Ligand code: SF4
């Protein structure tokens, strides 16, 4: 599999192609793919831009630095952070810089910029965080610093908002058409949504444009009242167009984490309807809407220090009108008395533009499931990209087999009698598993969907006394991983685990070789986000029984990664799925074609035959 990944990375560099990688193995595979991409960039002298979630950036930067050190190339890490802007005399986030710097290129502080002062950051001798102090001491422009450092660096590690930064995008265009080429690597595109959320969320009728705010603004020097009235009309128009918009596509589950919970709706509006309304309000022809909007805002807020305040509205209109599709997609976050909070999704299509220009690799792990929802969101459609899903190592297909225990199911949670019977059968299945494999050489795993389910099954359970069991604690600690490493080194032990992806990833990273795994129920994290994704699958793709399928696939990919990556060559490994729902044809048809599955109410003899 790694050979295949390496080949794919090479061909992307050669062909300027777009590759969307879906890596069931999670972070360990992601870092490996990253290493290949960095190596290839260095080899070919191509500038590499790595856009990744914040939580991975340090690790990615360190890998990049290690590789680039051999070659003497610079690695610049541009994190999303607060930086001081001398014009408005306050700290602004990089996301706000995007808004604020409508004056970029004209601002005097940009023109005075001297990159030499930041050389140590470029060479890695000083961390990026030290730039805050330098900027405020010298009264220099943070926006210009970010762009110049990116222009000078060979490998740039950064956050998604940079792709929306106008100056930065200009830089990409310049570099990619110049003699020095670049390639983009995007990791975990679900995080892109956070960027969009930060940049392009706009509350129509936001308090800024309410009567109260207008009155308050009366006291602000230089705000022009007539312009303010026209702006109010524009906001009303926007609001009515949004309210009339269709919502045929239903709700869109846009990611994981609290901020993208189960609220809001994806709506669609045809662009020309908005343009007609705005050209009426502004009294200009449709082609002139964006520029006259800008003029109006400049006239209304002539003082640049309050310009950041309207930038959101301007960008909203600009991206809407100049967006990629004839239809505009937006996400209504909340509707209430104070207004309508919407996130404009079309800016994500800039990702497609950048990829069109320079080519790139997008890596998603199981966290981005379903992958196609995110590719749509990035403006990638149909044959635009090559979706690659990496499964097992080549040639090892016959070494892994899936067995399905049809003797139990965890479906009837609400039926006390059936539930008690399921738990009892689970204990018997577990007992037999431990009896058969607990004393064998090698490491075996028992996987529960949650700590709660683990406790339910283990209540009153007596494991065989001479079997070494390593049970995952609720609070994972160094001690747990040390015990795991010890077991790995000795090649023995049964792990009792729950289905947290961090555990899988750590096991892959620690190269824990699994010989077999018993999986109870459907390991997944229940909760509104998963439910929301499932709803999306059902509504958008007519995928019935999506809830089970979603959880199943999620679990399967993780399990697949642990087994297939850590399989000792010449050994065989198995996966025992203990729930009869796994044996239904529609689930089995979703298994990767190389994996053969066998259902039985008494699978252990068959497993032993396979292992012989
Ligand atoms: S260009 Fe923008 S960030 Fe830079 S100093 Fe001027 S206003 Fe501040």
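Quick note: the coordinates plus some simple rules give every number you see, no bench work behind them. Since the model is a prediction, treat every value here as computed from it, not as a measurement. Here the Cβ is made from the backbone with ideal geometry for all residues, glycine too, and neighbour counts use every protein chain on show.
Some values worked out for this structure:
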{"item": "Protection proxy ranking, peptides 423-430, 601-608, average beta carbon neighbours within 10 Å, highest first", "result": "423-430, 601-608"}
{"item": "Packing rank of 462-473, 486-497, 40-51, 109-120, where each peptide gets the mean count of other beta carbons within 10 Å, highest leading", "result": "40-51, 486-497, 109-120, 462-473"}
{"item": "Projected label distance in nm at residue 10 and residue 55, using a 7 Å step from Cα toward the beta-carbon", "result": "3.4"}
{"item": "Net lengthening on full extension, residue 612/residue 232 (0.36 nm per residue, minus Cα-Cα)", "result": "129.1 nm"}
{"item": "Pairwise FRET efficiency - residue 294 versus residue 225, Cβ, R0 = 30 Å, nearest 0.05", "result": "0.95"}
{"item": "Theoretical gain in end-to-end length, residue 435 to residue 469 [0.36 nm per residue, Cα-Cα removed]", "result": "11.0 nm"}
{"item": "Likely footprinting exposure, 611, 135, fewest C-beta neighbours within 10 Å first", "result": "611, 135"}
{"item": "Packing-based exposure ordering (other Cβ within 10 Å, fewest first) of 354, 157", "result": "354, 157"}
{"item": "Exposure proxy order (Cβ contacts within 10 Å, fewest to most) of 134, 345", "result": "134, 345"}
